[in-house]
Each structure stands twice: as C-alpha cells, then as structure tokens.
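Asks: Here you go, one structure.
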Amino acid sequence: MTWHILGAGSLGGLWAARLARTGLPVRLILRDRARLAGYRRLGGLTLVEPEQTSLYPIPAQTPDDPEPIDRLLLACKAYDAEEAVASVAARLTPGAELILLQNGLGSQDAVAARLPRARCILASSTEGAFRDDNFRVVFAGQGFTWLGDPREPTAPAWLAELHAAGIPHQWTPDILARLWRKLALNCAINPLTVLHTCRNGGLAEHAAEVAGLCDELVELLRACGQDSAAEDLQAEVERVIQATAANYSSMYQDVAHGRRTEIGYLLGHALAEAQRHDLSLPRLDELHRRLSAHLTRLGLPTR
Ligand code: PAF
C-alpha cells in the first residue's frame, strides 16, 4: 500500500526518505504546482545523515491529484493540520488510515471530527531533523515515535514497514498519556526559554518558576484523568532541561526565525482544558498572557 505524505517538512521528509529507500511506495503531496515544479527541478528529496548524503527521487504530486489515498502521514504543523487534511479529503478511500504527527493536542480531534470514516492514529515523536528550502532534510539525532489509537487498541500490520525502514517506534495502548506528557514538558520549558531568551539549560536559573508551572500542570493532568502523565513531572522536566541544556527549544527557534509557534496547541490547549474542568491555574494563565504579549510585539500569531 502506498504511503502518501502530506507536509514534506523535517519529520515528513525523514519518514519519506527512510520508507522510500526500503523500497516501499511513497508519494509526497506538495502544497501547489510551484512547489512541485521546484521539487522536480531538484530531482527529489535529499537526506543528510552523519555517514552519507543521498538523493531520493520520490514521486510527488499536488493535493488535487486524482490518485486515491489509503494511508496518509500528516506531517504538517498543528495549526495547518485541518486545512491540509481538507485539501485531500475527497481522495481518502473509505476506511483510510491517517497517522497524525502533530505536536501538542487539539489538532488531532479537529482532524478526526472532519473524517468520521477514517482511522486516525496519533503519534508523539522525539525525532529530530531540520529542512531547508531545497528539500534537504538534515538528520539531527536518533529519537523515538510512539503511536496509538485511543479508539481502537489493535496495532496496524504496517508497523512492520516502519520496522523495516528503521523508524524507531512502538505502539502504545495509551497514546494520549504520551501526548499529554510531552505537552506538559513543552509547556514547562518552551515558553520560558522564549521569555528569558535562553537555551534550555538557562532555565536552571529559574528553577522556582519551572517548579510552579509543574505543580499546575500536574493538577491539570490529574483533572484530565492523565495520572500516569502527571507522575514525577517536575523531575522529568528538570532532567530534560539538563539533558538538552545546550539546545534552543523548538518554540525559541520558531520565534527567532519569525515563524508562527504552536502556542495554541500547547499552552492554549492546556488552558482550554483547565477551563473545561473549572480549574484555576494562575501561573499558566500568566505565562500564556506574557508569551502572547511577546508574540504580538513581534507581529506573530498568538494562536
Ligand atoms: O520542543 C522542544 O524543543 C523539545 O521537545 C523539548 C525537549 C521539550 C525542549 O527543548
């Protein structure tokens, strides 16, 4: 079965190259004809790895291509997910499977609501890669991808293809716990790195602020029935800050490059859920307010 990949950014590109070099059929879906023409001029997607750099001439198409889609990897940003899926919705076969690789929470439900007949598999990934404008993906270190379907615990047979392609992954019956845990880590670390203009390690100097946010995130996770995601959250946040001390967080990098952030799917989603559960979380509220004001000053969206 063909892998259609929509959103040939860093992670989408990484999956596309690894699946294609295993001999599996892959199609990239590019936004429009201009992008498709640019891609074709380059002759394909380049993957830069520590040991080798290779060009993969993966066939590409635009969303209006007539080819039916049975399996779609949606690898765009959370704020683009709904619109991206709408652009190919008419091509999805009944019972099509989607793998949703978005950060944070909120976009997955929006996509699933649009496609009641499709199976939506959620993914939470720590894989690292960067992509430039010339369809060159630079592999930035081994990570891991958790996959699961909150509505249907049976793992799909195509996980064997990911295995064959060397994509490190595991199926989990509780993908929501993974997604919530990552959301909490991102909420505790990323906005503060933007507001304090520092690398992740710089947050060691703001330990009390981080601890206060962790307390409220634990309260929220428990209220949402995510007890396992709440367990030892602060200790893990501190561990991640140490382990990634030299890195700039993904949100920091987005802001530094003048790109839209995923604030709406991280802090925005956390606060919407808090409201739904009648929870008052003053520190997270204040963080959201400060970050929104900062983004507005820079002319960036706050959603
Ligand atoms: O978003 C990020 O940058 C990362 O997920 C992490 C590790 C939470 C912070 O750098």
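Taken together, the values in this text are just the output of simple stated rules run on the coordinates, not laboratory data. Since the model is a prediction, treat every value here as computed from it, not as a measurement. Cβ coordinates were reconstructed from backbone atoms using ideal geometry, including for glycine residues, and neighbour counts include every protein chain displayed.
Asks: State all residues of segment 242-275 that are in a loop (DSSP other than H, G, I, E, B), polar (S, T, N, Q) and within 9 Å of the ligand (Cβ to nearest atom); if no residue qualifies, say none.
Replies: Listed by number, the residues that qualify are Thr244, Asn247, Ser249.
Asks: Tell me which residues, restricted to segment 6-60, are closer than 19 Å to Phe144 by Cα and among the β-branched types (Val, Ile, Thr).
Replies: Those that are closer than 19 Å to Phe144 by Cα and among the β-branched types (Val, Ile, Thr): Thr22, Val48.
Asks: Let me ask something additional. Hey, could you check segment 171-217 for residues that are away from the ligand (no atom under 16 Å from the Cβ) and within 22 Å of the chain's Cα centre (by Cα) and say which is nearest to Thr145 (Cα to Cα)?
Replies: Ranking the candidates gives Trp171 first.
Asks: To continue, here is another question. In this structure, does Ile5 turn out to be assigned to a loop (DSSP other than H, G, I, E, B), more than 12 Å from Asn134 (Cα to Cα), in contact (Cβ under 8 Å) with a residue 40 or more places away in the chain and not small (Gly, Ala, Ser)? Full working, then the answer.
Replies: Values: assigned to a loop (DSSP other than H, G, I, E, B): no; more than 12 Å from Asn134 (Cα to Cα): yes; in contact (Cβ under 8 Å) with a residue 40 or more places away in the chain: yes; not small (Gly, Ala, Ser): yes.
For Ile5, the condition - assigned to a loop (DSSP other than H, G, I, E, B), more than 12 Å from Asn134 (Cα to Cα), in contact (Cβ under 8 Å) with a residue 40 or more places away in the chain and not small (Gly, Ala, Ser) - is not met.
Asks: OK, next. Given the conditions (1) over 19 Å from the mean Cα position of the chain (by Cα); (2) in a loop (DSSP other than H, G, I, E, B), report the number of the one that Ile167 does not fulfil.
Replies: (1)
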